[in-house]
Amino acid sequence: MRRFFLSLLASGVLCGLTACRSGSELRPRTRAVSPDADDAARFLAGLPGRGTSPFKLQESEPAWREHSRRLDSMFADFRDRREPQMREFARSELSRREDLSCPVFYPFSGADALTLLTFFPGRKTYVMAALEPPGRVPAAAELPAEALPRLLPPLASTLQSVLHKSFFVTREMDRQLRGQAADGVAQPLLIQLARLGYTITDFEYVSLDARGEPVRRSEDVRRAQSGKNRGLRLETRRGRRQSATLYYFSLNLDDAHLRANPAFGRFLASLGSPCTLLKATSYMPHDRNFQLIRSLILARSALILQDDTGIPWRMLASGNFELQLYGGYRKPYGKAFEGRLQRDLRAAYEDPRQRVKPLKFRIGYGAGRVASNLQLARRRSARS
């Protein structure tokens, strides 16, 4: 293990979340590619746009009105059944002063802005990272009236899993977000933001330069291009709250790819000590091929909120963290993950000294069928 860490230090990758480079503000943002991302977001979300929106004519189409009704129903179920309890959890468990000032890192996120923004509202910087391509913000000409009956129903379907189950199903994303329903995560992200009450004030297609700094790139010509730190930057505002920046980067987080990608590590270094969210990761942080991203998260995260698919419990328990358990845990849900049972985590849930807190909403694999679980690891301060 010591040799492994030395190799990471030598490559510069481990600096991503350690003190190799002090946390610093990201460089000033460049001019947006287009001011129309909010118009696209509202149209895709089935919400009426501004009077001068280039999508305004399409709002009179029956296919768009049906799309709007369908999304109304889908999001109403989330608002009624899970959102109030999730927001209460965020207020009671994730709202210390230091929590509110940290940037948020969400690896293995897919297109799930919903969980990220519900648990961590009001932060200045959000970073999502996953394999799925970033996609494009569509122009009105790409959504002509005659194509809406074909394009809008599958787009709404991309959100069914995250709204009902709390996560995007990997096999569905592989199909839906690589050309069948959308050319990447951009369109589902826009819908979620608009439906959560965010205004998108600016956007830009980005990548990372050698120093790990976001720089503008050209819009994808071929659809569903992924990897190589291809990204999307969205500037958002919600009500009177301060503006926030949401980054999505497409990359492979396994050891081989991350070791060859020091730019992403340097970008993470610019965040300082983030709050990290891990959920429905297919247990990739448990795999020996994902030691590097696991080490990065453990090395510097100020806070880790996860379900049992995140960092193995033994690693959290042996680290410099205050730990809190929520919900219940017996074993992983589903035959595909039977080998991921954590006996020490089950013992911790059964230990009366842990004072496990209830979880009033469903989240993660098996949500609604078995007890959901979350673990919160908060880094101890030097004085504690």
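Modelled with pLDDT of 95 or more, crowded, with 21+ Cβ neighbours inside 10 Å and on the phi > 0 side of the Ramachandran plot: which single residue out of G184, G212 fits that description? Show your work before the answer.
On the way: G184 fails: modelled with pLDDT of 95 or more.
Going through G184, G212 in turn, the sole match is G212.
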Taking helices (runs of 4 or more DSSP H) that do not extend beyond segment 283-384, which have at least 1 residues that are in contact (Cβ under 8 Å) with a residue 12 or more places away in the chain, over 19 Å from the mean Cα position of the chain (by Cα) and surrounded by fewer than 17 Cβ atoms within 10 Å (Cβ to Cβ)? 313-317, 343-350
State all residues of segment 240-266 that are closer than 19 Å to I191 by Cβ and either assigned to a loop (DSSP other than H, G, I, E, B) or among the hydrophobic types (A, V, I, L, M, F, W, C) (or both); if no residue qualifies, say none. A244, L246
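Is at least one residue of segment 267-274 aliphatic (A, V, I, L, M), assigned to a loop (DSSP other than H, G, I, E, B) and touching a helix residue (DSSP H, G or I) at 6+ places or on another chain (Cβ under 7 Å)?
So in segment 267-274, the residues aliphatic (A, V, I, L, M) come out as 268-269, 271.
Add one more test, that the residue is assigned to a loop (DSSP other than H, G, I, E, B), and what stays is 271.
Then keep just the ones that are touching a helix residue (DSSP H, G or I) at 6+ places or on another chain (Cβ under 7 Å); that gives none.
Taking every residue of segment 267-274 in turn, none turns out to be aliphatic (A, V, I, L, M), assigned to a loop (DSSP other than H, G, I, E, B) and touching a helix residue (DSSP H, G or I) at 6+ places or on another chain (Cβ under 7 Å).
May I ask you to say which residue of R237, R233, R241 is within 20 Å of D202 (Cα to Cα), surrounded by fewer than 19 Cβ atoms within 10 Å (Cβ to Cβ) and under 18 Å from the mean Cα position of the chain (by Cα)?
Details: R233 fails: surrounded by fewer than 19 Cβ atoms within 10 Å (Cβ to Cβ); R241 fails: under 18 Å from the mean Cα position of the chain (by Cα).
On inspection, the qualifying residue turns out to be R237.
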List pairs: first in segment 45-64 and farther than 12 Å from L143 by Cβ and part of a loop (DSSP other than H, G, I, E, B), second of a type in the set (S, T, Y) and at pLDDT 95 or above, Cβ under 6 Å, 6+ apart or cross-chain? G46/S68
Selected residue (only one of A41, A32, A37 is more than 25 Å from S282 (Cβ to Cβ), modelled with pLDDT of 95 or more and of a type outside the set (D, E)): A41
Can you tell me how many residues in segment 87-142 are hydrophobic (A, V, I, L, M, F, W, C), more than 25 Å from L155 (Cα to Cα) and in a helix (DSSP H, G or I)? 3
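Residue-by-condition table, conditions (1) under 14 Å from P103 (Cβ atoms); (2) touching a Cys at 6+ places or on another chain (Cβ under 6 Å); (3) not polar (S, T, N, Q):
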site	(1), (2), (3)
R233	yes, no, yes
R241	no, no, yes
S250	no, no, no
R259	no, no, yes
A269	yes, yes, yes
S273	yes, no, no
A280	no, no, yes
M284	no, no, yes
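The values are calculated or read from the model by the stated rules, or taken from the named source; none is laboratory data. Everything quoted here is computed from the prediction, not taken from an experiment. Glycine gets a Cβ as well: all are built from the backbone with ideal geometry, and neighbour counts include every protein chain shown.
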